[in-house]
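Novice: Mind looking over this structure? Questions follow.
The values are calculated or read from the model by the stated rules, or taken from the named source; none is laboratory data. Values in this document were obtained by computation on a predicted structure and should not be read as measured data. Using ideal geometry, Cβ is built from the backbone for each residue, glycine included, and neighbour counts are taken over all protein chains shown. Note: accessible area is taken over every heavy atom of the protein model, side chains too, but ligands, DNA and RNA are not part of it. Shrake-Rupley method; radii C 1.70, N 1.55, O 1.52, S 1.80 Å.
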Amino acid sequence: MKKNNQKGSVSRLILVLAGVVLVIAAIIFIAISITSRKTESENNQNNQSEVEDSKQVYEATVGDIRLIMQSSFDAGSILKSSTSNQTDLETTERFIKVTIGAQNKGKVDTDSFTWDLGNIVDSEGRNFVPITNKAFNFLPRPDLCGSILKPEFAPVSCVRIYEVSRQSEGLKIQVISKVPKVQSVLLDLKIN
């Protein structure tokens with residue numbers, strides 16, 4: 001009778017061990033599958049953000065003029081004066097300073113004022129006009145916006161300052177070319 005008890009105990013022990021191994025294997029399988037789903041989900045989100053970034057337009061050609069987003073940044077609510085005889089410029093919202101490069105891709109010089117920067121437009125369709133007169137002392141001299149462009153010369157930088165709502169998102173800037181006819185394109189702002 002002792003031999004039968006020992007054989008039964010060994011059988012039960014083997015069955016219990018086999019059950020424990022199966023439970024551990026199932027737990028490992030579930031953990032691996034959850035981890036791989038999370039990784040896959042994160043990869044999909046990263047790919048979506050890369051696709052959204054690739055949809056951003058920072059360069060366009062209108063007629064013979066190539067327009068390039070060079071910089072745009074949030075200057076805050078105060079533009080500090082660089083001299084003592086001029087006052088700071090303040091707003092309750094924010095100032096956005098935009099620099100666009102323009103390059104002539106044609107074969108002859110452009111005329112003066114055949115290109116310029118228009119309004120900033122947000123995702124809700126609100127328009128913000130440049131504050132050129134108010135911000136005159138904060139813009140570079142000479143003002144090269146609309147200047148004559150020689151064929152294939154380095155891009156000429158045009159700088160404008162805008163007063164924009166803090167609530168505005170998805171900002172784009174309208175760039176205007178009057179050659180061969182009046183056309184405009186929207187370039188995305190990448191606010192630094």
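Novice: Quick check on the range 133-181: of everything there that is within 26 Å of the chain's Cα centre (by Cα) and of a type in the set (S, T, N, Q), which residue is most open to solvent (accessible area, probe 1.4 Å)?
Specialist: Top of the filtered list is Q167.
Novice: Between a residue in the range 111-123 that is under 7 Å from Q174 (Cα atoms) and any residue that is in a loop (DSSP other than H, G, I, E, B), which pairs come within a Cβ distance under 6 Å, given they are 6 or more apart or on different chains?
Specialist: Correct list of pairs: N119/V129; I120/L171.
Novice: Sticking with this one: For residues that are open to solvent by 30 Å² or more (accessible area, probe 1.4 Å) and in a loop (DSSP other than H, G, I, E, B), scanning just the range 93-115, find the one that is nearest to V62 (Cα to Cα).
Specialist: First, the residues of the range 93-115 that are open to solvent by 30 Å² or more (accessible area, probe 1.4 Å): 93, 97, 105, 107-109, 111-113.
Going one step further and asking which of them are in a loop (DSSP other than H, G, I, E, B), we end up with 105, 107-109, 111-113.
On the way: K105: 10, K107: 15, V108: 15, D109: 15, D111: 15, S112: 16, F113: 14 Å.
The extreme case among them is K105.
Novice: Would you check if G118 is open to solvent by less than 20 Å² (accessible area, probe 1.4 Å), of a type outside the set (V, I, T) and not in a loop (DSSP other than H, G, I, E, B)?
Specialist: Answer is yes for this residue.
Novice: For the list (1) closer than 19 Å to M69 by Cα; (2) at pLDDT below 90, I need the number of the one condition that F136 fails.
Specialist: Single failed check for F136: (1).
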